[in-house]
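Any read-out appearing in this document is the output of simple, stated calculations on the displayed coordinates, not a laboratory observation. Note that this is a predicted model, so its numbers are computed, not measured. Ideal geometry is used to build each Cβ from the backbone, glycine not excepted, and the neighbour counts take in all protein chains shown.
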Ligand code: SF4
């Protein structure tokens, strides 16, 4: 197949996670065998170093469900309170450019991350999850790219391969 799938680099074993670790998803890697992959780490693409301070999306009126960085309802803040929203948005825009130029129509991104999270992201205290998308996921979805997370990707991947 000539179809390309965009994937969070940490799922493929890249040591790009905030703490310098990886989030290798072996089942996903096996399911993607034979598929051309576009590996992305939106936080690194946004200019952030690895390792970097851990961050999460914080609503300006508290960490409410569904708040969005793109419409100004929320900021991406490090655990020390620094606002890194610009880097997260920049990384998301670069990821979108790459999705468009490569023709990837499906993105499988790391769950719960403030950039790659899809459907759920960490709460302000990092202890729980709330409804919402990471900044990159929101940017890709707004542009019509199908985004799923690395837990619930099976149906979307099967359909994409068959299309
Ligand atoms: Fe990079 Fe996304 Fe993985 Fe975070 S979740 S390390 S931004 S690819």
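Observations on the model:
- The stretch between residue 158 and residue 129 holds 7.7 nm of extra length on full extension. This uses 0.36 nm per residue minus the Cα-Cα distance.
- Against the main long axis of the alpha-carbon atoms of the chain, helix 85-102 sits at an angle near 10°.
- Structure remark: mean-square fluctuation, Gaussian network model of the chain, C-alpha springs under 10 Å; the largest value among 99, 107, 49 belongs to 49.
- Packing order of peptides 18-27, 86-95, highest average first: 86-95, 18-27 (average count of other Cβ atoms within 10 Å over each peptide's residues).
- Gap separating the Cα centres of region 85-163 and region 18-72, nearest whole Å: 8
- Length gained when the stretch residue 142-residue 35 is fully extended (0.36 nm per residue, less Cα-Cα span): 36.1 nm
- Both numbers refer to the Cα atoms of the chain; Rg and Dmax are 14.8, 46 Å.
- Residue of 113, 39, 101 that the Gaussian network model of the chain assigns the largest fluctuation, springs spanning Cα pairs under 10 Å: 101
- In this simple spin-label model, placing a label point 7 Å from the Cα along the Cα-to-Cβ direction at both residue 68 and residue 83 gives a separation of 1.9 nm.
- Fewest-first ordering of 158, 2 by other beta carbons within 10 Å of each residue's beta carbon gives 2, 158.
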